[in-house]
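S.K.: Starting off with a structure, shown below.
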Amino acid sequence: MVIDMEPLNSRPDENDPIWTAANGFVVRENEGALKLINGGREIFRVKVAGSQTDGQLSLMEGLVAPGFGNIPHAHGAEDEAFYILSGEFRFINGDRTFTAGPGDFVYIPRGTRHGFKNLGTEEAKLLAFFTPAGAEEFFLQHGDDPDPSGKMPPAWTAEKFAALGDALDAHRMILLPNGDDWARAAARSEPESREARRTG
């Protein structure tokens, strides 16, 4: 939706709803549906869904288990972006890789094969944005709900992913594994350290 705005040097009339329409909102720290993916090795809290933003944007907060790397994949309907909050991640980006750590921002256009792996020995946290929104619905519909006892659900198997084929298609998501992706990613990773990139 595009709002018809007068030129900036033209002050809106005092009766214009721009003065009073409180259309923004806040999502508090522990708000948002919590979903467990891949047997709880990825835990995502859907902070903002498309239903809240007129389909323009969605945001998820993710906690990734140490050493875990997801299956490389691509989105056909959304661009995706990440902001790293803690830990260090290796990203697959087409036929290349790079590492990203706290304070780094990663942008992945739709149609780009990508994936991420937590390189550390502790849980790492990131934010994932989708624009337009839509991909978060896959997590809401097919992620596992937390068990009150703290027990993690079973790991997602090849059979589980096969059963999700129609759902992935509906969200225009395609899994693109290619053998041992993360072993090859480590072999061809950027040689310079993150500190070197910061000071270079």
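The values are calculated or read from the model by the stated rules, or taken from the named source; none is laboratory data. Computed from a prediction, not measured in an experiment: that's the story for all the values here. All Cβ positions, glycine included, derive from the backbone under ideal geometry; neighbour counts span all protein chains shown. Just the protein is used for accessible areas: all its heavy atoms, side chains included, with ligands, DNA and RNA removed. Shrake-Rupley method; radii C 1.70, N 1.55, O 1.52, S 1.80 Å.
S.K.: Within segment 117-137, identify whether any single residue is part of a loop (DSSP other than H, G, I, E, B), at pLDDT 90 or above, among the basic types (Lys, Arg) and closer than 25 Å to residue 46 by Cβ, and answer yes or no.
M.R.: Checked against the condition, which is being part of a loop (DSSP other than H, G, I, E, B), at pLDDT 90 or above, among the basic types (Lys, Arg) and closer than 25 Å to residue 46 by Cβ, segment 117-137 yields no hits at all.
S.K.: Taking into account only those residues within segment 87-132 that are closer than 21 Å to residue 75 by Cα and basic (Lys, Arg), which is surrounded by the most Cβ atoms within 10 Å (Cβ to Cβ)?
M.R.: For segment 87-132, the residue satisfying everything is 117.
S.K.: Okay, moving on. When the residues of segment 145-188 are narrowed to those that are at pLDDT below 90, of a type in the set (Gly, Ala, Ser) and part of a helix (DSSP H, G or I), which ends up least open to solvent (accessible area, probe 1.4 Å)?
M.R.: For segment 145-188, the residue satisfying everything is 185.
S.K.: Pull out all pairs, ordered by first then second residue, where Cβ-Cβ is under 6 Å, the residues are six or more apart or on different chains, the first lies in segment 113-139 and is of a type in the set (Val, Ile, Thr), and the second is part of a loop (DSSP other than H, G, I, E, B) and open to solvent by 20 Å² or more (accessible area, probe 1.4 Å).
M.R.: Sorted first by the residue in segment 113-139, then by its partner, the pairs are 121/66; 131/57.
S.K.: Any idea which of 24, 55 is touching a residue at least 12 places away in the same chain (Cβ under 8 Å) and in a loop (DSSP other than H, G, I, E, B)?
M.R.: Answer to the check: 55.
S.K.: Oh, and also: Any chance segment 63-82 includes a residue that's under 19 Å from residue 186 (Cα atoms), buried (at least 16 other Cβ atoms within 10 Å of the Cβ) and without any contact (Cβ under 8 Å) to a residue 40 or more places away in the chain?
M.R.: No, segment 63-82 contains no residue that is under 19 Å from residue 186 (Cα atoms), buried (at least 16 other Cβ atoms within 10 Å of the Cβ) and without any contact (Cβ under 8 Å) to a residue 40 or more places away in the chain.
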